Amino acid sequence: MTQRRPETGRALVATGNMAACAVLGTAPPLHVNKLSCLFYRKVCDVHRHGVARRFRSTRVPDQELVGVVGLEVHAQIRSSTKLFSAAEVGFSAPPNSLVSFFDASLPGTLPVLNRRCVEAAVTTALALGCTVNRKSLFDRKHYFYADLPAGYQITQQRRAVAVDGRLVYSLLGGRKRSQVQTKTVRIKQIQLEQDSGKSLHDDQRCQTLIDLNRAGVGLMELVMEPDMSCGEEAAAAVRELQLILQALGTCQGNMSEGQLRVDANVSVHRPGEALGVRTEVKNINSARFLSRAIDYEIQRQIEALERGEAVQNETRMYDSKSGHTIPMRDKEGLQDYRFMPEPNLPPLVVYEDRRSVPEGAGPGAVVLEALRESLPELPSARRGRLVRSYGLLPEHSFTLVNEDGLMEYFEAVVKETRKEPRKVIGWVTNELLGHLKQHNLSVSDCPVPPSALAELLELQEAGHISTSVAKQVLQLMWMDPGKGAQEIVREQDLGLVCDSGDLQSVCQRVLDSNPDQVRALREGNKKVFNRLMGLVQKETKGRADPVLVRRILEDKTS
């Protein structure tokens, strides 16, 4: 199921003899009334209380309409070669430079199954608790696209490689969006199939050029049951799946490069009644856009039903600029695809253990036992370990695991400092992550390595610098990665002022300059004390020993 939405924007120019070319008409411009786009109510509030906001039908006031969401996720398998050919896999290679005779569907070419792709699908199935079918089958799914030269896609319709799994995912909810809520979505099946090529539209010349580099790349299609109710849940499920695939190494999961694409099946109904007519929103390549597209589509269907209109069973695309879903075509049925068994591929057999592999199978046999033993630590297990090992709050473990590379960074800092992990976490998730987001950097591009942050925290833990100075030093380290914390503190003279005589003078000046606040403090207003502490720190540029300052101010105002 790898149909694609029409590509838009400037086209690349395909080169080489294998580039097929078709002239397509362009869609008429869409004129949208912006006022009609505004949501006067949200579909989902996933909620601050973990429950979707309810929609009242104006026609049947005592019943409600709620959204129902199922997903089909197409994950590009991380492999050096394609599913049925020896052609290389690469994202930004020149057009039509990674195409074999089989990918171009030249007569007489036959498919040869890539063992690596099978192992990736089976490994993913094991991680998601699926039942792996010992024997699965390949089928041809017929439909016409210019970038599908064979006129059919090899997929698994009758018997997929794995069935009946589940994905447990988490999202932040509660009043302050800081409570981790856990949900589960059932996985109907995981199937192997080919990817298609890409259609590249040249609007100026009214031409569509074909790049077959992606044609035949191995895909895992994960079909999820309609167990979700809104866009936020769907986005959280896809993000968790993305983390699992990356941990397994079966898919890089880069959505911006098309390595993970999502089709959303959306309908609305009244609880207790049959599911409504669904629409399919195709090829969404961003978790944020997925959430927005689903919420818009649920709202659109609810409003259509409230007006007495029928929801059409159709395929739509999401326009990120307008925030709307747009009709593409009527939804195909099974009869449209004319499924038939793939005559050039035998059944795919997977063995339980090495003892069950027959002699003639050879070293290329796929063995469940070996793949099960090689499973790495999965994201949910990582979160649990972080909570148990370091005493972190669940929401902290959620942040560490969900941000690529942040957990490893945190653990490296903890190993090199005496500071408690629950104090380190604030520096990593607030200060460091804040700098990364401000500069639009990933953890791997962070200019402050874990050892440098550990050195800074050691200075603070030893009482050589204050917290405010430590934050200032972190900024300086960010701008000049070559310098360590100790060197910056020495050069800038940022060490803690601990001389009692000096601090006595500073505190007295602050008290003399603020007689009204001193009077309020002596009359019982305890909040004023922190203001005076802040004024002393301001006077000393954050270098005053806070313990000594507190003692001096208490003595002088008692």
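The values are calculated or read from the model by the stated rules, or taken from the named source; none is laboratory data. Worth saying up front: this structure is predicted, and the values here are computed from it rather than measured. Here the Cβ positions follow ideal geometry from the backbone for every residue, glycine too, while neighbour counts run over all protein chains shown. The protein model used for the area step is the full one, side chains on, heavy atoms only, and it has no ligands, DNA or RNA in it. Shrake-Rupley method; radii C 1.70, N 1.55, O 1.52, S 1.80 Å.
Can you spot a residue in region 493-500 that is part of a helix (DSSP H, G or I), touching a residue at least 24 places away in the same chain (Cβ under 8 Å) and either surrounded by 16 or more Cβ atoms within 10 Å (Cβ to Cβ) or of a type outside the set (A, V, I, L, M) (or both)?
Among the residues of region 493-500, at least one is part of a helix (DSSP H, G or I), touching a residue at least 24 places away in the same chain (Cβ under 8 Å) and either surrounded by 16 or more Cβ atoms within 10 Å (Cβ to Cβ) or of a type outside the set (A, V, I, L, M) (or both), which makes the answer yes.
List the number of the failed condition for Val281; all other conditions in (1) closer than 24 Å to Leu378 by Cβ; (2) in contact (Cβ under 8 Å) with a residue 40 or more places away in the chain hold.
Exception for Val281: condition (1).
Taking region 120-139 only, how many residues are open to solvent by 40 Å² or more (accessible area, probe 1.4 Å), of a type outside the set (Val, Ile, Thr) and outside any loop (DSSP other than H, G, I, E, B)?
1
Assuming Ile302 fulfils every condition listed in (1) in a helix (DSSP H, G or I); (2) open to solvent by 10 Å² or more (accessible area, probe 1.4 Å) apart from one, which condition is it?
(2)
Under 6 Å between Cβ atoms, at least 6 apart or on separate chains: pull out the pairs that start in region 71-99 with a residue that is touching a residue at least 24 places away in the same chain (Cβ under 8 Å) and end on any residue that is assigned to a loop (DSSP other than H, G, I, E, B) and among the aromatic types (Phe, Trp, Tyr).
Ser85/Phe102
For region 352-367, name all the residues that are out of contact with any helix residue (DSSP H, G or I) (no Cβ under 7 Å at 6 or more places or on another chain) and buried (at least 16 other Cβ atoms within 10 Å of the Cβ).
Correct list: Val357, Ala365.
Looking at Pro94, Pro61, can you tell me which residue is in a loop (DSSP other than H, G, I, E, B), modelled with pLDDT under 65 and open to solvent by 30 Å² or more (accessible area, probe 1.4 Å)?
The conditions single out Pro61.
Sort out which residues of region 473-492 are among the aliphatic types (A, V, I, L, M), open to solvent by 30 Å² or more (accessible area, probe 1.4 Å) and in contact with a Lys or Arg (Cβ under 9 Å, 6 or more places away or on another chain), and write them in order of number. Even if it seems obvious, please write down each step before you answer.
Narrowing region 473-492 to residues among the aliphatic types (A, V, I, L, M): 473-474, 476-477, 479, 485, 488-489.
Within this subset, residues satisfying the condition of being open to solvent by 30 Å² or more (accessible area, probe 1.4 Å) are 476, 479.
Matches in region 473-492: Leu476 only.
Would you confirm whether or not region 316-327 contains a residue that is modelled with pLDDT of 95 or more, surrounded by 13 or more Cβ atoms within 10 Å (Cβ to Cβ) and assigned to a loop (DSSP other than H, G, I, E, B)?
Within region 316-327 (the criterion being modelled with pLDDT of 95 or more, surrounded by 13 or more Cβ atoms within 10 Å (Cβ to Cβ) and assigned to a loop (DSSP other than H, G, I, E, B)), the answer is no, since none of the residues qualifies.
Inside region 239-290, can you point out the residues that are touching a Phe, Trp or Tyr at 6+ places or on another chain (Cβ under 7 Å) and either among the small types (Gly, Ala, Ser) or open to solvent by 30 Å² or more (accessible area, probe 1.4 Å) (or both)?
Selection gives Glu257, Phe289.
Only one of these is free of Cβ contacts under 8 Å to residues at least 24 places away in the same chain, among the small types (Gly, Ala, Ser) and surrounded by fewer than 15 Cβ atoms within 10 Å (Cβ to Cβ): Gly463, Gly426, Gly405. Name it.
Answer to the check: Gly426.
Where in region 160-274 are there strands (runs of 3 or more DSSP E), lying fully within it, with 1 or more residues that are modelled with pLDDT of 90 or more and at positive phi?
Counting at least 1 such residues, we get 162-173.
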